[in-house]
Structure formats: structure tokens, C-alpha cells
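Below: the structure, in C-alpha cells.
The values are calculated or read from the model by the stated rules, or taken from the named source; none is laboratory data. Computed from a predicted structure; not experimentally measured. Cβ placement follows ideal geometry from the backbone for every residue including glycine, while neighbour counts extend to all protein chains displayed.
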Amino acid sequence: MGTGDCTVPGAGLMQTLLDKLWAAHEIRAENGQSLLWVDRHLVHEGSHHAFARLADRKMAVAQPELTFGVADHYAPTRQRDSIADPKVQVMLDRLDANCRRHGIRLFGLGDPRQGIVHVIGPEQGLTLPGLMINCGDSHTSTHGAFGALAFGIGATQVAHVLATQTLWQAKPRAMRIRFDGRAGPAVTAKDMALHWISRLGVGGAAGHAVEYAGEAVRALSMEARMTLCNLSIEGGARFGMIAPDQVTFDYVAGRPFAPEGADWDRALQMWQTLQSDAGAVFDIEARFRMEDVAPTVTWGTTPDQALPIGSCLPDPAKLDATQAEAARDALDYMGLQPGRPLEGTPVDQVFLGSCTNGRIEDLRLAAAVLRGRRARVPGLVSPGSMLVKQQAEAEGLDRVFRDAGLEWTASGCSMCVGMNGDLVAPGQRCASSTNRNFRGRQGRDARTHLMSPVMVAAAAVTGTLTDARPLLEGRI
Amino acid sequence: MAGWTVHEGQAVVLDRRDVDTDQLIPARFMSASRAEGYGGFLLHDLREGEGDFPLTRHPQASVLIAGPNFGCGSSREAAVYALVDAGFKAVVAESFADIFAGNAVNNGLLPIATAQAAQIRAELGGDTARAHIDLGSRVLTLGSSRIDFDLSDTAQTKLMNGWDDIDLTRAYAGDIRSFRDRRKSDHTWVWPKA
Ligand code: SF4
């Protein structure tokens, strides 16, 4: 890692993508804080505190036409017609009532477009390059994959956006993470993310906006780019972004809420300027080589406690004092033996879904491993949106999952956070395509191993943490 | 929300790094409305799992000394509500996750980021110490040691006046309106067509 190239003449005039997006949204700057204009505000059931604050102040939503509601965090993935848990029903009703009261368009439970907020924003063409997008959810960085300024906010800030359509924000420093070379087989954007986070740590990008660059990033599909940007927060960055290119424009074109005709032409003209200038200076530059990135799995209780599948678990006796304690604690919680190989660790169940890895390409890749095979452990597959579900069914992927013995359900955050009741039981080990392996995240005392969808599928087939590469060979 | 300038209280150590918001408040409690009080949810599962938990031993503590990367993970502001409702006025740690630190200030909770946190934890161990915080001079006094901390002017103003940003932003209504109108006419594509 080193600092940016400072020898370029006039480097000070060169702008990063962050600079350009920031300048385009800045209404005022004062005391190191900028007042920024919000183009899209996404709210979900968890935004109830913010609506309550608004009600306390008897304020209206400033720009309801730029605000969109989504039922996802508490969305039941089964039996939607008769919701058993009254708490879940209350949360869904509250969102519904708040959206109605303020004239906000809602993708509710009955809507065929319902799904996880960070999946349906892009899917509907609400997410566009050059926009500022906010949501009371830390994985809002997902939308940065389009070259948007997108970041998660807390409830007080949600209330602020509702009331004013703006946010006060200190400009983060700029960081660039490059991936050179080409991805090997079964190496996905999830592995790239876990790789850099494991190298730089969970606080490695704190205070910075990350721009991803390099040959391997350019080669990623739009969906894979979203996975990469989604996980930025797990390395401490609130922002993850990728300069838009033809891949981006092709993805956006024709989406229901995307611009058309003359508007499209004007938009495209602007979007084509959204790159960091050659010679723009970043506060931190980090570089990784794809040949070093293998299918990666977390073993501990923070996302940086991750290793290539072929590795052995760390031995606290061989680590320095601070790391040793964290490792000992994590291994203890996870019920793992120091020094043992990661591969072959038995799992009790699998989960495939979430805003990180619940898109159609994720399901296709997992299905490629599962086709014609049986899962040795139970598991849940929850598509990122109801449209993803529909698409998967049209392609027969649901059959593959069901024939393997996995449960195929409706869309929601589901077992990523367990708010809807989809939980991992205490002490159970779950191979999961989600984003957080924190203690208790998937349920009290649940043990979570994060990995890519293809690795989740491999874990299902063998009932253990497994290298997916041999299982995928000849299948894609 | 009431502002504050000086706080006198008791400090307690939570000797952990990367205390994430899922630990600060498990998701299953988050449907409660704020009026119900979030204090009982604070670190709920961790507390129950450990018999001799520092926060249980010192329930009157109001200054938490924790490890680096405090408040990482989800943007759930409920993590701050749990701390505030349990009586905390400040958290001291080597570093904080960005969203958590912002949420804290918006709710009257002072995040003090200081490299001295490790030393304080080591010295204090399982004991408590008297803590004195002066927001005006940005000084934390803990027992006999004095810690000068950084705090932005904005955060200081907000904490001392008990303001959240909406109060500050109202003064700029005109600027916001003209920005919006300009954006709408210059970038017609920004407004969703459907
Ligand atoms: S799937 Fe998980 S990370 Fe994504 S929005 Fe839902 S709860 Fe948050």
C-alpha cells in the first residue's frame, strides 16, 4: 500500500469520482460539514423511529416523489397471508401507514416487485449513476456500484432526510482499492471483498470512501459489482463505488424508473464524466492481485476473520497478544479448534440470500453446483426480490434447489438478520451468503460462516466447509 | 432532547474490541417504540451469557470505556438508544464506526476517540472511577488523569444545545429550495419518470 502518485503536474486540479459526486450534491459547506441534496431516499420497516420523530415535530415529508418504501427487514418468507407473529404484522402495518400518510410509493408485501431494498432499487432503475442515495441501512453502499454517492444513515438522519431531503455530512477521505489480473474459477466478488477486508481489517477503510478499480473490477458484471460495494461497510467504509461504464449503462437502460428518450441522452452525457481523473490523488491506495484471491470463508465473529478455504484456523498461541485474545474469543464462540483445517468443518445448515448475494447470478452459480445433487444439510434459499424469484423459476432454478432438498421461499432479509423469525438456532453452524458473522447476528448463539453463494452450495452438497472449485468444474 | 455541558459520573470498562451494533442491541428488540425504553436491551445477550458482567456490577455507570472500532456493523440507531436509555453519556474507545459516532451525537451521547483508551482499560480493569467531562473545554478527567479529546465544533454545538440537525438545517430552507429547482431544471433525468 502506498500513497497516490503525487508527481503528476497539476494533480490538485484532478478530481476523484468522490470529488465529482460530492460537488454535484453540495448545497452549502460549513464547519467542515456539507449540506448535501438527496436524490433517492429508501425507507423500510426499521425506519419507524424516524417517522415517529417527524410526527413529534408535526412535519411533512419534503419530497415524497423521491422517497420509496420497501418491506424487507421483517418480510415473512413463508405464509404471507396469515402472519403468525403479531410483532411482524405491526412493523409491516406501521410502514404501510407511514407511506400512505406521507404519499410515499411502497413496494409492500403484496407487490410483485417487493424484495430487499438494495436489490430492488437497482432492479427498478431507481438507482442511477450520479445520484445521491440514502437509506437507514448500512449496506446502502451497494448502490455505489453504479457510480452513485450512496451510504447508510441512522434514524435521526432518516428523519432529517424525510423533513428536508438533505443531509449534513463531513466529506470522507478518498481510498482506491485495485484488483489486478483475472479471477480464477469459483472466485467471485464476495471473495474479493472478504480478501481485502481480511487484509486491511474491519476498520481498514474507516473514514474513507472506497473506489474500486482495476482490470478485475472492470470485468465484473453489474450484480457482482453490487456485491463488492455492498461489503465496503464491513471494512469500515460507508461508501463503496465504481465508475460507471458500458456495463452500467446496459444494465440501467429500459428499467421501469430509468430515464428515457431525451432524458436518457442527457443522463448518459453526464454519466460518462463520472470517473476519477487520471492523476487524481487518493489518500490511500491499496492493490491486490487476483492470483492471491481464493474462495474465502470467515472463521470468526468479524468479517475480517476470513481465510482462503485451503487454510488452517489460526492458533492464538502463535499470534501477538491483542490478536490472540480476539482469535481465542472468536474460536471459542464459533466452537472451533485452533490450527485445524478450515475445510471439512461440518455445518448444520445453509442460507442463500440477502442483499449481498441474493441476485439472479448468485442463484445461477449456486444452482450450477447443486444441479443433480442432494444437500446433506437443510437450508433456506430466499431470492433477493420477488422478480428474482420469478426469473429463477422461469429458468427452473427453484427445481434445482428443491430437488436438492433446500427450501425455496419468498423474498426478504430473512436469515441475514432474523427479524422475520428466520433464525439459526443456538449453537448451530450456518454456511451463509450474507454479510455479517457477528455474534448473535443470525440468531442467539448462532455460528455464521460467510462465503460466496457457490461456496454455500458446495457446503450444502458435502455438509462441510468445502472448496467449491472441484464441484463447479465443467458446470459453467 | 436536553443538551449538556458538564457531566459527573462513573466510568466502567467493557474490555472488548469491535463491539458491533448487533451485540449492543440484538435485532429481536428493535420493533419496540422508543417510549418503551431501550435500556434493558443494552448488550442483552452478552450480559446474560456472562455472570460477572461489568455493566451489571456497576449499573449506575454513565461513561463506558471500550475497545477499538466500537459500534461497527448495522446503522441501527437503536444501539445508541440502548446506551442512552441505560444512562450513558459518553463512550470512550480508540475508534468508532462512522455511522455509530454520528448517531451518538444526534442523541446526546458523546463518542470520545482517544488512543489512551487502552491504557485506561488496563488501569481500571474491573473497577470504576469517577469521570468528569467538560464539553466546553473538551476534557475528560478520569480519576487523576486528564484526557484532552477532539470533537468537531458542530458536534460540540449539537451536544451542548441538545440539537439534532433538523434544527440547524431549517435556516437553509431557501438554499435548499433553489438547489432543488436548479437540479430539477438542469438534470431532468434525476426525477423518476414512473
Ligand atoms: S439483507 Fe441483511 S444486510 Fe441486506 S438490507 Fe436486509 S438486513 Fe440489511
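Among the residues of region A:446-476, what is the count of those that are touching a residue at least 40 places away in the same chain (Cβ under 8 Å) and assigned to a loop (DSSP other than H, G, I, E, B)? Step through it out loud before you land on a result.
Of the residues in region A:446-476, the ones touching a residue at least 40 places away in the same chain (Cβ under 8 Å) are A:447-469, A:471-473, A:475-476.
From the residues that got through so far, the ones that are assigned to a loop (DSSP other than H, G, I, E, B) too are A:451-452, A:463, A:465-468, A:473, A:475-476.
Count: 10.
Identify all residues within region A:124-142 that are among the aliphatic types (A, V, I, L, M) and within 14 Å of the ligand (Cβ to nearest atom); write none if there are none.
Selection gives A:I133 alone.
Looking at A:A327, A:A366, A:A375, which one is of a type in the set (G, A, S) and either without any contact (Cβ under 8 Å) to a residue 60 or more places away in the chain or under 21 Å from B:R17 (Cβ atoms) (or both)? First the steps, then the outcome.
Values: A:A366 fails: either without any contact (Cβ under 8 Å) to a residue 60 or more places away in the chain or under 21 Å from B:R17 (Cβ atoms) (or both); A:A375 fails: either without any contact (Cβ under 8 Å) to a residue 60 or more places away in the chain or under 21 Å from B:R17 (Cβ atoms) (or both).
None of the others qualify; the one that does is A:A327.
Is one or more of the residues making up region B:92-112 within 16 Å of the ligand (Cβ to nearest atom), touching a Leu at 6+ places or on another chain (Cβ under 6 Å) and within 12 Å of chain A (Cβ to nearest Cβ)?
Looking through region B:92-112, none of the residues is within 16 Å of the ligand (Cβ to nearest atom), touching a Leu at 6+ places or on another chain (Cβ under 6 Å) and within 12 Å of chain A (Cβ to nearest Cβ).
Looking at (1) modelled with pLDDT of 95 or more; (2) assigned to a loop (DSSP other than H, G, I, E, B); (3) within 25 Å of the chain's Cα centre (by Cα), which is the one condition that is false for A:R78?
(1)
If a residue must be more than 10 Å from every other protein chain (Cβ to nearest Cβ) and touching a residue at least 40 places away in the same chain (Cβ under 8 Å), how many such residues does region B:54-69 contain?
Total meeting the criteria: 11.
How many residues, within region A:143-162, are within 16 Å of the ligand (Cβ to nearest atom) and more than 13 Å from every other protein chain (Cβ to nearest Cβ)? Give the steps one after another, and end with the answer.
Step one: list which residues in region A:143-162 are within 16 Å of the ligand (Cβ to nearest atom), which gives A:143-145, A:150-155, A:158.
Applying the additional criterion that residues be more than 13 Å from every other protein chain (Cβ to nearest Cβ) yields A:143-145.
Count: 3.
Looking at (1) within 16 Å of the ligand (Cβ to nearest atom); (2) away from chain B (no Cβ under 14 Å); (3) among the aromatic types (F, W, Y), find the lone condition where A:F438 falls short.
Checking A:F438 against (1) within 16 Å of the ligand (Cβ to nearest atom); (2) away from chain B (no Cβ under 14 Å); (3) among the aromatic types (F, W, Y), the one that fails is (2).
Table: residues versus (1) over 23 Å from B:H7 (Cβ atoms); (2) not aromatic (F, W, Y).
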residue: B:Y38; (1), (2): no, no
residue: B:D52; (1), (2): yes, yes
residue: B:S62; (1), (2): no, yes
residue: B:I65; (1), (2): no, yes
residue: B:G73; (1), (2): yes, yes
residue: B:A79; (1), (2): no, yes
residue: B:F100; (1), (2): no, no
residue: B:A115; (1), (2): no, yes
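Select from region A:51-79 the residues that are within 12 Å of chain B (Cβ to nearest Cβ) and within 16 Å of the ligand (Cβ to nearest atom) and write down the one among them that is surrounded by the fewest Cβ atoms within 10 Å (Cβ to Cβ).
Top of the filtered list is A:F68.
Quick one: in region A:393-413, which of the residues that are within 13 Å of the ligand (Cβ to nearest atom) and out of contact with any strand residue (DSSP E or B) (no Cβ under 7 Å at 6 or more places or on another chain) is farthest from the other protein chains (Cβ to nearest Cβ)?
A:G412
What is the number of the single condition among (1) small (G, A, S); (2) at pLDDT 95 or above; (3) within 21 Å of B:G9 (Cα to Cα) that B:G125 does not meet?
Evaluating B:G125 over (1) small (G, A, S); (2) at pLDDT 95 or above; (3) within 21 Å of B:G9 (Cα to Cα) leaves (2) as the failure.
Test B:G126 against the criterion of being touching a residue at least 40 places away in the same chain (Cβ under 8 Å), under 11 Å from the mean Cα position of the chain (by Cα) and in a loop (DSSP other than H, G, I, E, B), and give yes or no. Quick ask: steps written out before the conclusion?
Working: touching a residue at least 40 places away in the same chain (Cβ under 8 Å): yes; under 11 Å from the mean Cα position of the chain (by Cα): no; in a loop (DSSP other than H, G, I, E, B): yes.
For B:G126, the condition - touching a residue at least 40 places away in the same chain (Cβ under 8 Å), under 11 Å from the mean Cα position of the chain (by Cα) and in a loop (DSSP other than H, G, I, E, B) - is not met.
Filter region B:144-179 for residues that are over 30 Å from B:V63 (Cα atoms) and more than 7 Å from chain A (Cβ to nearest Cβ); which is nearest to the chain's Cα centre (by Cα)?
Checked region B:144-179; the qualifying residue nearest to the chain's Cα centre (by Cα) is B:R170.
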